[in-house]
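Take a look at the structure below.
The values are calculated or read from the model by the stated rules, or taken from the named source; none is laboratory data. Bear in mind the structure is a predicted one, so any value in this text is a computation, not a measurement. Cβ atoms come from the backbone with ideal geometry, glycine included; neighbour counts cover every protein chain shown. Quick note on the areas: whole protein, heavy atoms, side chains included, nothing else; ligands and nucleic acids left out. Shrake-Rupley method; radii C 1.70, N 1.55, O 1.52, S 1.80 Å.
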Amino acid sequence: MAKVFVLKPQEIKKDLEVDYAKELNKEQYQVATTAEGPCLVLAGAGSGKTRTIVFRVAYLIERGVSPENILLVTFTNKAAKEMLSRVAKLLGKHPEKLWGGTFHHIGNRILRKYAKLLGYQSNFTILDEEDSKGLLNICLQEMNIDVKQRRFPSAAVLKDLISFSKNANQKLIEVLEIKHPHWLELEDKIRGIARLYERKKKTNNAMDFDDLLVNWLKLLKENPTVKERLATQFQYILVDEYQDTNYLQAKIIRELSYIHHNVLVVGDDAQSIYSFRAADIDNILNFPKTFPQTRIFKLETNYRSTPQILNVANEVIKYNVRQYPKLLQPQVNSFVKPNLVSSISPSQEAEFVSQMILQLRDEGVPLDKMAVLFRATFHSQELEFALTQKDIPYEYRGGLRFFERAHIKDAIAYLRVINNPKDEVAWLRILNQQQGIGNQTAVRIFQRLKNINCIVKCFDQDFSDILTSRSKVGWDSLVNIFLKDLKIRTLKDLADSAGLINDLIKSDYQNYLEAVYSNWQERLQDLEQLARFSESYKDVNSFLSEITLQEVFAVERANPNNQEKERLVLSTIHQAKGLEWEVVFIINLVDSAFPHTKALAEENGLEEERRLFYVAITRAKKQLFFSYPLTDSYVGRYLNIPSSFLQEIPEELMEEVKLVENGINGFNHLNDGDIQYLPEV
C-alpha cells in the first residue's frame, strides 16, 4: 500500500521575538506597540507607513491576539498580500485566519454569509464594470430610451452617476447639478433607470461593486445581532490610506468598531486627491470628532527624498488651511536643488525634457527610474511626439497614448474625411456616432459617397430612399456640423487644421462626448491641445501625414513583443500616487493648467490641487525638475503665467535654469544636440 504524505504550508524559520525597538524608528515604534483605542496615524510621504502597519499586526499577534480578531483593510489586493506576506516573515508563520483585504473583498466575504438577511442568495453574482453597463443598457431598452435618437447619457455615464451618488451619499439630482447640469431636465428618466437597475440586480441575485459596500452597511444597520457579532469578533481594526475613504467606507468602520474602539487608521491628509471618486477628506480631518479620545501619531521621518526636495514639499503644503501640519524630516543625503525651467513653447519644453532624459540616461540613470508627471492627460501630447522622434521608449500610465484616445481618433476622422472623401474607415466612424444611424445605414450612405472627390459635394446628395425619420435626424446633424460648424464650403477651408478642430469642439460633437463619456470635459481639453499642436502645419494633409507616421512608429515601440525592457514612465499625478522614481519631471506648470481651472471652481478645490502638487513633488527621490512654457503653443498666441504654486516656493529653494542654443540665450527653436541646461548667473 502506497504511503500518503500530507503537505503542510511551509513555515518560515524564526527563533526569537521581533526586536521592535531595533527594527523601527521612534515614531513607528510608538504606533506598533502602544496604539490602543482609536488612533490616527498621520503618515507623511515616504515615512514607512506600510512597515508600521505590518509591525503593528505582528505585535498584536505576538502578544496573544488571535489573527481572526484582527481586521486589516487596504485599498488594493496587492497591498493586502504584501502586508500579510511581511507579517508572515516577521512571525515565522502565516496568520491564516487574519481578515485582510480591500473593503470590497471583505464585504463580499461577509455578505456571502449573511446574504439571506438582505433578500439575496449566498451564491449572488458580482457584476464587473462591463456587466453593470450591459444591465443598464437592458434598462434603457426596456424603458424605450434610444440613446442615439436623442443625446442621452450612455450606460457608462449612468453607471458613473449612480456610483458617485451612492459612495458620496448624495442624491442623484445633486450629482447631476455638479457633473452634468445640462441634464437636469432628464432627472426623472435617469432616476427611473436607476430604480429599474436596482430592481433587476435584486431579481438577478446580483450585486455590483458599490452594492458590496451599500449592502454591507445596510446589514450592519438593520441587523443588530450581526453587527454585535462582527464588532465583538474584530477586536482590532486597521485601515490603510484612510484619507481615500468615502462616506460608505467610513460609516462601515464606525459601525464595526463600536464595541472595542480599537480602530487604527493610517493616512496622510496631504495626499487626499481623489474627491472626484467620492473620497472625502473630512473622514480623516474629523476622525478625532467621530472617535472621542483619539490618539494622534505622526510619522514625519522621510526615507525617500533628499533634503532639497523635502524643503520644497514642506514649503508648498504649508499654504493649506484644512490640514494636520506636518514637517517631513530627511534621512537621505543632500543632492542638488530642484530645477526650475522655463521654455518658449510647449514644443521647446518637450525638447528640453526629452534631451535631459537622454543626458541622464548617459550619466547612468535607467529610463525606468525616471518619470514625467502632469496634471491632465492632454499635457503629455507634445512630449510624446518628442520622445517618439528621439526613439525614447516610454510607458504611459493612467490611460492611452494621446493619439490612441477615442476622441482624438474621432477628430482625426473628421479631418481625414475632409482631406479624402473616399476614406471609408473615417466615414463609418463618424456616421456611427450620429443619432439614429447604425452600421448598416452608415455603409449604405458611404456607398453613395465613395466616388465623390470633393467633400463639399458629399452633402448635396439625396438620401431620402435610405434614411428613416430617425436616421435623417442624425444625417442632418452631421451635415450641420460640416457645413455650419466647420464651414466646409470651399477648398480654401481645408488649410486650417486648428480652426477645424476648434469648430468641431463647439459643434454637436460636444454633446456626443458628454453623453458617452463621464470625463467629457477632459476630452475636450485633449482636443483643444490637438488644435494647438496642429497650428504649425501648413494644411490638413501635412498634419495628418505627420501624426499618422509618428504614431505608427510609437505603437511599434510600445508593442509588448519589443525587447526594450527599460521604459520612461509618463503618468498623470493621480496615477503616480504611491510610486517613486530617482528623477521626476513635473511639466506644464502654468496657471489654468495646474492648478486646474475647473478645480478652482469647486469648494476646497485649490487645496486639493495643492495636495496634488505635493504628491507629485514627493514622488522624487534624488532629482526634481519643474518646467513650464511661456506661451501656449508653437505659434505663441498667448503668454502663460507660471503656476501660483511655483510662486509659493522661495527662490532660494530652487535652481533656475535657462535654455541656451550654442551658448546664446533667447532662442526661438531648438535643434537636436543643441540644448544645454545651465544655472542662471
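Before moving on, here are some points about what is shown:
- For the chain, the carbon plus sulfur part of the accessible surface works out to 49%, probe radius 1.4 Å.
- In order along segment 32-46, phi translates into HN-Hα couplings of 4, 10, 10, 7, 9, x, x, 9, 10, 9, 8, 9, x, 4, x Hz, rounded to whole numbers, per the Karplus curve 6.51 cos²θ - 1.76 cosθ + 1.60 with θ = phi - 60° and x for Gly and Pro.
- Positive-end residue of 615, 248, 378, charge dipole of the chain with Cβ unit charges: 248
- Restricting the trypsin sites (Lys or Arg not before Pro) of segment 44-117 to loop positions (DSSP other than H, G, I, E, B) with no more than 12 neighbouring Cβ atoms within 10 Å leaves 63, 97.
- Taking amide H as placed 1.01 Å from N in the peptide plane, the amide H of residue 154 sits under 5 Å from that of 516, each at least 5 places away or on another chain.
- Coupling constants for segment 368-373 follow from the phi torsions by the Karplus curve (6.51 cos²θ - 1.76 cosθ + 1.60, θ = phi - 60°), and in residue order they are 6, 9, 10, 9, 10, 10 Hz; glycine and proline get x.
- Taking the centroid of alpha carbons for each part, segment 362-386 and segment 233-289 are 34 Å apart.
- Overall, segment 254-379 carries a charge dipole of about 440 debye about its Cα centre when +1 sits on the Cβ of Lys and Arg and -1 on the Cβ of Asp and Glu, all other atoms neutral.
- Estimated FRET transfer efficiency (residue 229, residue 187; beta-carbon r; R0 41 Å; 0.05): 0.50
- Over 32 Å apart at the Cα level, from the set 159/487; 81/133; 81/113; 81/227; 409/598, are 159/487.
- Partners of residue 565 within straight-line reach, counting lysines whose Cα lies under 16 Å from its Cα and excluding those fewer than 8 residues away in the same chain: 369.
- Placing a label point 7 Å from the Cα of residue 177 along the Cα-to-Cβ direction, the residues of segment 588-607 whose backbone N falls under 18 Å from that point are 601-605.
- Summing charges over all other residues whose Cβ lies under 11 Å from the Cβ of residue 327, with Lys and Arg as +1 and Asp and Glu as -1, gives +1.
- Toward the positive end of the charge dipole of segment 297-399, with +1 on the Cβ of Lys and Arg and -1 on the Cβ of Asp and Glu, the farthest Cα among 313, 347, 364 is that of 313.
- MRE, 222 nm, helices only [DSSP H, n ≥ 4, -39500 (n - 2.57), over the chain, to nearest 500]: -13500 deg cm²/dmol
- Global form of segment 256-386, assessed from the alpha-carbon gyration tensor, a/c cut-off 1.5: prolate
- If R0 equals 25 Å, the separation of the Cβ atoms of residue 450 and residue 129 corresponds to a calculated FRET efficiency of about 0.10.
- For the chain: rounded, prolate or oblate by the Cα gyration tensor [a/c cutoff 1.5]: oblate
- If the chain linking residue 639 and residue 63 were pulled fully straight, counting 0.36 nm for each residue of separation and taking away their Cα-Cα distance, it would gain 201.0 nm.
- Accessible area expressed per residue, the chain, with surrounding protein chains retained (probe 1.4 Å, Å²): 46 Å²
- Relative contact order for the chain, counting Cα pairs under 8 Å that sit 6 or more residues apart, in percent: 17 percent
- Three-way shape label, segment 179-230, alpha-carbon gyration tensor, a/c 1.5: prolate
- Test item: Cα-centred dipole of segment 65-149, Lys/Arg +1 and Asp/Glu -1 on Cβ, debye: 580 debye
- Database remark: amide H of residue 302 closer than 5 angstrom to the amide H of 329, 331 (H placed geometrically; neighbours at sequence offset of 5 or more, or on other chains; Pro and chain starts carry no H).
- Amide H contacts for residue 100 (H built 1.01 Å from N in the peptide plane; partners 5 or more residues away or on another chain; cut-off under 5 Å): 72.
- For the chain, size of Cβ-based charge dipole, Lys and Arg +1, Asp and Glu -1, in debye: 2780 debye
- Mean-position separation - Cα centroids, segment 413-488 and segment 23-50, in angstrom: 63 Å
- Residue-wise HN-Hα couplings along segment 183-194, as the Karplus relation 6.51 cos²θ - 1.76 cosθ + 1.60 with θ = phi - 60° gives them from phi, are 9, 4, 5, 9, 4, 4, 5, 5, 5, x, 5, 4 Hz; Gly and Pro carry x.
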